[in-house]
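Peer 1: Before anything else, here's the structure in question.
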Amino acid sequence: MLRLGDRTFGPGQYVVMAIINRTTDSFYDKGATWSDDAALDRAARLVEQGADMLDIGGVKAAPGAPIDIGEEIRRVAAFVGEVRSQHPEVIISVDTYRAEVARAVAAEGADVLNDAWGGWDPDVAAVAAEAGLGLVCTHAGGLAPRTRPHRVRYDDLMADILSRTVGEAQRAAALGVPADSIMIDPGHDFGMNTRQSLVATGRISELVASGWPVLVSLSNKDFVGEALDRPVGERLIGTLAATAVCAWQGAQVFRVHEAAQTRDVLDMVAAIKGEAAPRLNVRGLA
């Protein structure tokens with residue numbers, strides 16, 4: 001059972017975690033939700049489209065202009081509080097690798113800390129423990145935040161992913177993070193080239209077998225673009241194909257840009273696997 005905020009999700013119940021970027025330079029939306037009004041409008045639209053969780057981030061993952069701690073807090077903390085006020089039912093996650101930011105958003109009502117850089121700041125897990133928040137433990141191959149992989153090699157890719165993510169999950173649980181609120185993420189494109197990200201996608205079941213709920217962040221990423229030779233604006237179909245593959249293998253949480261389409265894919269997978277009934281069932285019965 002996965003517990004996030006006030007909600008619980010059992011086997012076969014998939015979580016749509018929709019992205020809201022509080023940046024001027026996102027690779028996907030180029031700053032479309034930089035203003036508070038635009039970001040709040042997107043939050044409302046994502047909730048209407050079936051998002052269970054909103055993942056709010058103030059620093060893009062890729063290299064770029066440095067963003068200090070104070071600026072990151074300014075971008076996300078008060079916004080988290082406003083989203084909590086307007087959407088008390090939604091699960092709020094914050095994408096940060098800094099403990100100071102984690103502490104600020106915990107005070108504003110965040111439910112989950114999405115540490116996309118693999119415990120680079122080990123105190124993020126301590127903040128999650130202190131505040132009783134969920135935590136995402138991500139494989140980043142040991143890279144420093146906001147750096148790209150360069151000719152990265154692994155003797156055994158999946159062994160490295162499992163060792164790092166499960167190790168972080170166990171450390172977090174030992175610190176006091178609720179064990180049923182910890183997720184592991186293979187970190188597609190983080191510390192991996194395209195071929196490695198594709199291998200990880202096809203072997204998600206090995207992470208599922210660890211017993212920790214698995215989160216995947218596939219949406220419009222470079223491994224999808226390079227696999228299909230598609231620019232960012234044309235990666236939705238590839239993203240949804242990868243989503244179905246991961247869901248079929250047992251991944252449970254999906255960090256996405258397109259909530260409605262992802263919801264349909266996950267519901268279709270659940271119907272095929274017999275985890276959910278069809279929404280409508282009249283064909284051949286009349």
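Nothing in this text is a laboratory measurement; each read-out follows from the coordinates by a stated rule. Bear in mind the structure is a predicted one, so any value in this text is a computation, not a measurement. When we count neighbours, we look across all protein chains shown, and the Cβ atoms used for this are built from the backbone with ideal geometry, even at glycine.
Peer 1: Answer with one residue from Leu218, Gly274, Ile237: the one whose Cα lies farthest towards the positive end of the charge dipole of segment 136-277, charges on Cβ with Lys, Arg +1 and Asp, Glu -1.
Peer 2: Leu218
Peer 1: Could you list the trypsin sites (Lys or Arg not before Pro) in segment 117-195 that lie in coil according to DSSP, counting only those with at most 12 other Cβ atoms within 10 Å of their Cβ? Working shown, then result.
Peer 2: Values: sites: Arg146, Arg151, Arg153, Arg164, Arg171, Arg195; in loops: Arg146, Arg151, Arg153.
Of the trypsin sites (Lys or Arg not before Pro), the ones in loops of segment 117-195 whose Cβ has at most 12 other Cβ atoms within 10 Å are Arg151, Arg153.
Peer 1: On the first, second and third principal axes, largest extent first, how far apart are the outermost C-alpha atoms of segment 189-265 in Å?
Peer 2: The principal-axis extents, from largest down, are 35, 28, 16 Å.
Peer 1: First select every other residue whose beta carbon is under 11 angstrom from the beta carbon of Asp222; then total the charges, Lys and Arg +1, Asp and Glu -1.
Peer 2: Values: positive: Arg148, Lys221, Arg230, Arg235; negative: Asp189, Glu226.
Every neighbour counted, the sum reads +2.
Peer 1: Which Cα, out of Ser26, Ser205, Val80, lies furthest along the positive dipole direction of the chain (beta carbon charges, K/R +1, D/E -1)?
Peer 2: Ser205
Peer 1: Looking at the chain as a GNM with Cα springs under 10 Å, which of Asp95, Asp111, Asp29 has the largest mean-square fluctuation?
Peer 2: Asp29
Peer 1: Only sites in a loop by DSSP and with at most 10 other Cβ atoms within 10 Å count here; which chymotrypsin sites (Phe, Trp or Tyr not before Pro) in segment 1-46 make the cut? Intermediate values should be presented prior to the final figure.
Peer 2: Details: sites: Phe9, Tyr14, Phe27, Tyr28, Trp34; in loops: Tyr14, Phe27, Tyr28, Trp34.
Listed in order of number, the matching sites amount to none.
Peer 1: Okay, moving on. Which value in deg cm²/dmol, rounded to the nearest 500, describes the helix-derived mean residue ellipticity at 222 nm for the chain, given -39,500 (n - 2.57) per DSSP H run of n ≥ 4 and division by the residue count?
Peer 2: Details: 10 runs with 117 residues, N = 286.
Calculated from helices alone, the mean residue ellipticity at 222 nm is -12500 deg cm²/dmol.
Peer 1: To check my understanding: the extent here is largest minus smallest coordinate of the Cα atoms along each principal axis. What are those three numbers for the chain, in Å, largest first?
Peer 2: 62, 48, 40
Peer 1: Using only the Cα atoms of segment 1-151, build the gyration tensor, take square roots of its eigenvalues as a ≥ b ≥ c, and label the shape rounded, prolate or oblate: rounded if a/c is under 1.5, else prolate if a/b is larger than b/c, else oblate. Each step should come with its number before you reach the end.
Peer 2: Working: a/c = 1.42, a/b = 1.14, b/c = 1.24.
Rounded, because the longest to shortest axis ratio a/c is under 1.5.
Peer 1: May I pose another question? For segment 180-229 and segment 34-92, compute the distance between their C-alpha centroids and round to whole Å.
Peer 2: First find each Cα centre; the distance between them is then 23 Å.
Peer 1: OK, next. Please check: in the Gaussian network model of the chain (C-alpha springs, under 10 Å), which one of Asp121, Asp37, Asp185 has the largest mean-square fluctuation.
Peer 2: Asp37
Peer 1: Are there GluC sites (Glu not before Pro) in segment 82-158 that DSSP puts in a loop and that have at most 16 other Cβ atoms within 10 Å, and which ones?
Peer 2: Details: sites: Glu82, Glu89, Glu100, Glu108, Glu130; in loops: Glu89, Glu108.
Those satisfying the criteria are Glu89.
Peer 1: Now for a different question. To the nearest 20 debye, what charge dipole does the chain have about its Cα centre, counting +1 at the Cβ of each Lys and Arg and -1 at the Cβ of each Asp and Glu? Display every interim value, and only then the final one.
Peer 2: Working: 28 positive and 38 negative charges, 122 e Å.
About 580 debye.
Peer 1: Using the scaling law 2.2 N^0.38 Å as the reference, what is the normalised Cα Rg of segment 57-122? Intermediate values should be presented prior to the final figure.
Peer 2: Values: Rg = 11.6 Å, N = 66, 2.2 N^0.38 = 10.8 Å.
Segment 57-122 yields a ratio of 1.07.
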